[in-house]
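In what follows, a structure is listed as structure tokens, so that the remarks can point back to it.
The values are calculated or read from the model by the stated rules, or taken from the named source; none is laboratory data. Because the structure is predicted, anything quoted here is derived from the model rather than measured. FYI the Cβ positions are ideal-geometry reconstructions off the backbone, even for glycines, and counts take in every protein chain you see.
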Amino acid sequence: MYRSRSTFATPAARGLGSSVVTPPDPRRPPAARPGEQAAHERGQSDPAAPARHRGNRRPDRGQATAELALGLPTLGAIIIVALWLLAAVGAQARVDEAARIGARAAARGEADGQVAAWVRDAAPAGATVKISRQDDRVAVTVHYRLAAAGPLVTPVALTATATAPSEQAITDAASADVATPAEVDATPLPPDGENRR
């Protein structure tokens, strides 16, 4: 197959010179200029780009430093408050459990001094205990003041009260409710085959 190559006559070809220009091949990428080739190898599209990018990065670095300087204290404050909240939840659980332990021990009839000692062992350090007995019920109240987490969170008072029926009152009520045995008909049964009147 014969291929023809088209040529264009330029002013040089018209008598001003002997130069012939061929059109570019659409299948080939255009040739790069010397500065563009070096920029392409560095991963940049424009040789003037390094100066522009360097100039733009300086304010970005300062902005990132400012954001970090503001973000780290905020993150630290959030972590401190979150840890304090976890401590508050744990302390409230211990106060609740200590009140229940005290109410069960007081309901069994243990001495108040022994009950208070058991409650203080189960509660966080520094908790106060109040035991009250009324009629057939026993109530144990535990108070605890959770310390502040710096200037971010104020101290919080935690309180739990547990009540239980006194076992002595339950036994007294049970012994009073015991019924006397019912009278039993002591008439003997007739022998087999005889009718009963």
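Points to keep in mind about this one:
- Scanning the range 121-142 for residues that are in a strand (DSSP E or B), free of Cβ contacts under 8 Å to residues at least 24 places away in the same chain and of a type outside the set (Val, Ile, Thr) gives 130, 132, 134.
- Take the conditions (1) out of contact with any helix residue (DSSP H, G or I) (no Cβ under 9 Å at 6 or more places or on another chain); (2) at pLDDT below 90; residue 74 misses just one of them, which is (2).
- Qualifying positions in the range 107-120 - without any contact (Cβ under 8 Å) to a residue 60 or more places away in the chain and surrounded by 14 or more Cβ atoms within 10 Å (Cβ to Cβ): 110, 112, 115, 116, 117, 118, 119, 120
- Count of the range 144-155 residues, restricted to those that are assigned to a strand (DSSP E or B) and crowded, with 17+ Cβ neighbours inside 10 Å, is 2.
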